1. Identify all residues within the stretch 72-81 that are within 14 Å of the chain's Cα centre (by Cα), surrounded by fewer than 19 Cβ atoms within 10 Å (Cβ to Cβ) and either in contact (Cβ under 8 Å) with a residue 60 or more places away in the chain or part of a loop (DSSP other than H, G, I, E, B) (or both); write none if there are none.
2. Restricting the search to the stretch 3-28, which residues are farther than 15 Å from residue 100 by Cα and not in a strand (DSSP E or B)?
3. Are any of the residues in the stretch 47-62 within 15 Å of residue 111 (Cβ to Cβ) and either touching a residue at least 60 places away in the same chain (Cβ under 8 Å) or not in a strand (DSSP E or B) (or both)?
4. Please go through the stretch 20-45 and pick out each residue that is surrounded by 14 or more Cβ atoms within 10 Å (Cβ to Cβ) and farther than 23 Å from residue 61 by Cα.
5. Farther than 22 Å from residue 3 by Cα and crowded, with 16+ Cβ neighbours inside 10 Å: does that describe residue 86?
6. On the given criteria, is residue 85 more than 15 Å from residue 19 (Cα to Cα) and at pLDDT 95 or above?
7. Please enumerate the residues belonging to the stretch 99-119 that are closer than 25 Å to residue 1 by Cα and not in a strand (DSSP E or B).
8. With the checklist (1) assigned to a loop (DSSP other than H, G, I, E, B); (2) within 21 Å of residue 48 (Cα to Cα) in hand, flag the one item residue 96 doesn't pass.
């Protein structure tokens, strides 16, 4: 149960990639990338018994996070119990992944690929 630093790289012009490896109870150091409005989230790894990973967002000045939604809109929470890839609907000031449940085998890799749009 820790706040885990991510790896932040720029593999191409106008692109930012954030990667975290989280275990049961961990959250990721927030990604501050509102200038990259197009975000795709991939979650994979070992979820273990009851493993769940969610994506949360907050405005830049806040420490209160709420669960974000996929591109289908409000009510389609970015909450995962198995590998999946989704497009993030919102673009808050800060985004972080959080593992809300799991067991000793839970090890989830979260990747957010962000694009600035046309360059």
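The values are calculated or read from the model by the stated rules, or taken from the named source; none is laboratory data. Predicted model, so just to flag it, every value in this text is computed and none were measured. In this analysis, Cβ positions are derived from the backbone assuming ideal geometry, glycine residues included, and neighbour counts consider all displayed protein chains.
1. 81 - this is the single residue of the stretch 72-81 that is within 14 Å of the chain's Cα centre (by Cα), surrounded by fewer than 19 Cβ atoms within 10 Å (Cβ to Cβ) and either in contact (Cβ under 8 Å) with a residue 60 or more places away in the chain or part of a loop (DSSP other than H, G, I, E, B) (or both).
2. The answer is 5, 6, 10, 11, 12, 13, 14.
3. So far as the stretch 47-62 goes, no, none of its residues is within 15 Å of residue 111 (Cβ to Cβ) and either touching a residue at least 60 places away in the same chain (Cβ under 8 Å) or not in a strand (DSSP E or B) (or both).
4. Residues satisfying the conditions are 21, 22, 23, 24, 40, 41, 42, 43, 44, 45.
5. Criteria met by residue 86.
6. So residue 85 fails the test.
7. 102, 103, 104, 105, 106
8. (1)
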